[in-house]
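**Student:** Here's a structure for you.
No lab work stands behind these numbers, since they all come straight from the coordinates. Keep in mind that what you see is a predicted model, and the values were worked out from it rather than measured. A quick note on method: Cβ atoms are made from the backbone with ideal geometry, for glycine too, and the neighbour counts reach across all protein chains shown.
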Ligand SMILES: [Zn+2]
């Protein structure tokens, strides 16, 4: 699965409860599944036969089932059919079958007739509506919702084959995991029965159905037919997706050394979808925004997202679908791998997107999630559906990807690839654990993978590596120490017991603009000495920027390094260094001024993503650390810093300009307008927003988002109404999303109140409720207001988002940097339990606490630094 918005994340003990696992007395081998939706009554009827292998004689069987009503249940074995007595346990989401005569070991089958509800919760078999108001039904089963559509052994290790049959309206297209083998009229007038070929062996969470009016584009890669399905009127927005899907599939055929293991591949764009995308075997479902692009009207950032989401899901067809984690405690292996692979694959045909720099940015963010006391190890026990769902976080995805990237860099890409191939071949159509992967990688590479990886997989958090270096006899003596990094100063100061085996790549320079030495070593002790050839003035500890750790330096060494920033360090290394210095600032190892000094030295920075790392931190400081007394001085200082770059970039997009430059323009103009409150970008954006509302083509797609965000800041009700009207009119997912989120960026509380009301109004798609409310919560002008709204409408919000997505809102409270709001959040959730966001809540409270502490620590320091460095009192 791919999540929707980048979340900050993760864990610990969670709610105490007994493991909700099925007893192991029988194993499913094959399902015969018939489903008939009734759109008028918003229900469905189903018939399921599960062939099982009974392990020892028994009179009882337990399967998963939730919100299903059973008409009949029976057990047959050796030609003998017994009616079963059925007991449902809604809390455990199980159905227990009891028969009079024991069923002997060997083959048997369970048979059920039942009905269920086509729900509105975006999980199980749920209902959506296309823009014409026509209903469709579609599945979202990961992690534990297949049981809402059919009784099953709903655990990833129970793989089986499926014969699926659907009875639908004649005008409905029916899509499932396998190819259609027959499509016949009946049984009633206006209906047809669609029968699918036997599927490959798969876990229940990967079963998929989509039933509704869809159209498609078709292509192929290496002989595998690929279709992009959309609701009517949108198929032309699937052109770019088809191209990226073809390239992805061909790339993975080569990379994995196993031909695509299924017979066809469908990618289905849905107007109602809770996640970003879902890797159902050969029938991948997507939120429209993550699949469809309006030709010629999309930003490069959005096309990157579409290409990467597609690559992520297609990578899962091998890593996740063909070979599946044995249990959810290894979810990170699925998600970390697919996240790591999405950039690697797309970079092979889009090197100009420089995705390695986006990855470096992402790792800086992930390290901050992992710096919370309530983070969790990659390998994390999870038993209840709520605990499992909470694992879909930045640790499983972001840290998983970063740790695999570090390992690939340590072993070399070829050895790493060979190890992956060995692992996939050995476990194809089966299940595996993370240690199975280490075994394969250690075997192929003959390197201590099985020593390194457990330290990153079993332990929570990440190390800070403190580097000191001195020069003697033409050699550089480097000492490195490691300690778990906490964002909380007191926790960091107290130190920890954790010890990692860290592959570290060192690089040294002597301010001549050339590197002196570069060498990779394994840091395995708490403190360890190394030698580099030649005399370096500075030594940095993340050469190549592939390490999953934070580096820290002595102030003099850092000053020397900043002389060589743009010559000896590459852009990815500069991004990671900015993150490292920020981490040192957070725990008081270095004053905030060191970060601002480093920022001042980057005024001519040519790399867009480096500027993005910088501006993101400047925005954080402006939103949270500046107070009313020094706000104007800070704004003035940021204006002085960014105006030269902004003037050079201007607002006009030149023909043939690179995507990187376009993205950088948007970022710089936005920060200048938002954080520095410079009037110029604001006026320009207001002008362009008006033009775009008349004619969307009037503004370059790279600027559309920031133009609306800036215009909204001081926008009035007239602008609000126009944005809302245009949002309701457009059928382009990217434009819709930009306009919707702009409604959360207004400064006028009355208008923000309207946005909050809109988020739970009838007709507003529930998939957008959590992200829209969360967006108001990240707008400093709307925080108090949004929190009051959330606390007074919690039940409606939970209902509209199926419970699961409310964790997006709990997480967004972590953006508050105010002790009063923190107390209100804490108090509220002590009364209103959010079981799918227990850890998320603890993390949000911790982030608020850390931010409030940092604000207090820097209060007088900010004022004196700004006076000294030309912030003055503003203009
Ligand atoms: Zn995924």
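**Student:** In what sequence do 376, 80, 636 fall when counting other Cβ within 10 Å, fewest first? Intermediate values should be presented prior to the final figure.
**Tutor:** Numbers: 376 26, 80 12, 636 20.
Listing 376, 80, 636 from fewest to most nearby Cβ atoms yields 80, 636, 376.
**Student:** Once the Cα gyration tensor of segment 287-413 is found, what semi-axes does its equivalent ellipsoid get, as square roots of 5 times the eigenvalues, in whole Å, sorted largest first? Please report the intermediate quantities before stating the final value.
**Tutor:** Working: eigenvalues 128, 60, 48 Å².
Gyration-tensor ellipsoid for segment 287-413: 25, 17, 15 Å.
**Student:** Would you please classify the overall shape of segment 209-285 from the alpha carbon gyration tensor, given that a ≥ b ≥ c denote the square roots of the eigenvalues, rounded means a/c under 1.5, and beyond that prolate means a/b larger than b/c while oblate covers the rest?
**Tutor:** Numbers: a/c = 2.04, a/b = 1.63, b/c = 1.26.
Since a/c reaches 1.5 and a/b is larger than b/c, the shape of segment 209-285 is classed as prolate.
**Student:** What whole number of Å gives the distance from the Cα centroid of segment 106-144 to the Cα centroid of segment 311-355?
**Tutor:** When both Cα centres are located, 27 Å separates them.
**Student:** Measure out, as a whole number of angstrom, how far apart the alpha-carbon centroids of segment 651-692 and segment 242-267 sit.
**Tutor:** Using only Cα atoms to place each centre, the spacing works out to 38 Å.
**Student:** Now, a different point. Please rank 51, 768, fewest neighbouring Cβ atoms within 10 Å first, as an exposure proxy. It would help to have the intermediate numbers written out before the result.
**Tutor:** Values: 51 17, 768 22.
Exposure proxy ranking, most exposed first: 51, 768.
**Student:** Next question. May I ask for the Rg/Rh ratio of the chain, computed from Cα atoms with Rh as the Kirkwood radius, given to two decimals? Let's see the in-between values first.
**Tutor:** Numbers: Rg = 27.7 Å, Rh = 28.6 Å.
When Rh is taken as the Kirkwood radius, the ratio is 0.97.
**Student:** Also, quick follow-up: Determine, for each peptide in 505-516, 335-346, the mean count of other beta carbons within 10 angstrom over its residues, then list the peptides with the highest first.
**Tutor:** On the way: 505-516: 18.9, 335-346: 25.5.
Those peptides, ordered most packed to least, come out 335-346, 505-516.
**Student:** Rounded, prolate or oblate: pick one for segment 749-858, where a ≥ b ≥ c are the square roots of the eigenvalues of its C-alpha gyration tensor, a/c under 1.5 means rounded, and failing that, prolate if a/b is larger than b/c, else oblate. Please list the in-between numbers first.
**Tutor:** Numbers: a/c = 2.16, a/b = 1.40, b/c = 1.54.
It comes out oblate by the Cα gyration axes.
**Student:** Another question about this same structure. With an 8 Å cut-off on Cα pairs and a minimum separation of 6 or more residues, tell me the relative contact order of segment 749-858 in percent. Intermediate results must be reported in sequence, preceding the final value.
**Tutor:** Numbers: 111 pairs, mean separation 26.8, N = 110.
Value for segment 749-858: 24 percent.
**Student:** With angles folded into 0 to 90 degrees, how steeply does helix 331-349 sit against the dominant principal axis of the chain? Use alpha carbons for both and round to 10.
**Tutor:** It is inclined by approximately 70 degrees.
**Student:** Fewest first, what order do 526, 147, 484 take by the number of other Cβ atoms within 10 Å? Could the numbers behind the result be given before it?
**Tutor:** Numbers: 526 14, 147 24, 484 21.
With the sparsest Cβ surroundings first, the list reads 526, 484, 147.
**Student:** If I take every Cα pair under 8 Å that is 6 or more residues apart in the chain, average their sequence separation and divide by the length, what percent do I get for the relative contact order?
**Tutor:** Details: 1805 pairs, mean separation 83.9, N = 875.
Computed over the chain, the figure is 10 percent.
**Student:** Measuring from centroid to centroid over Cα atoms, what is the spacing of segment 563-609 and segment 446-518 in Å?
**Tutor:** 18
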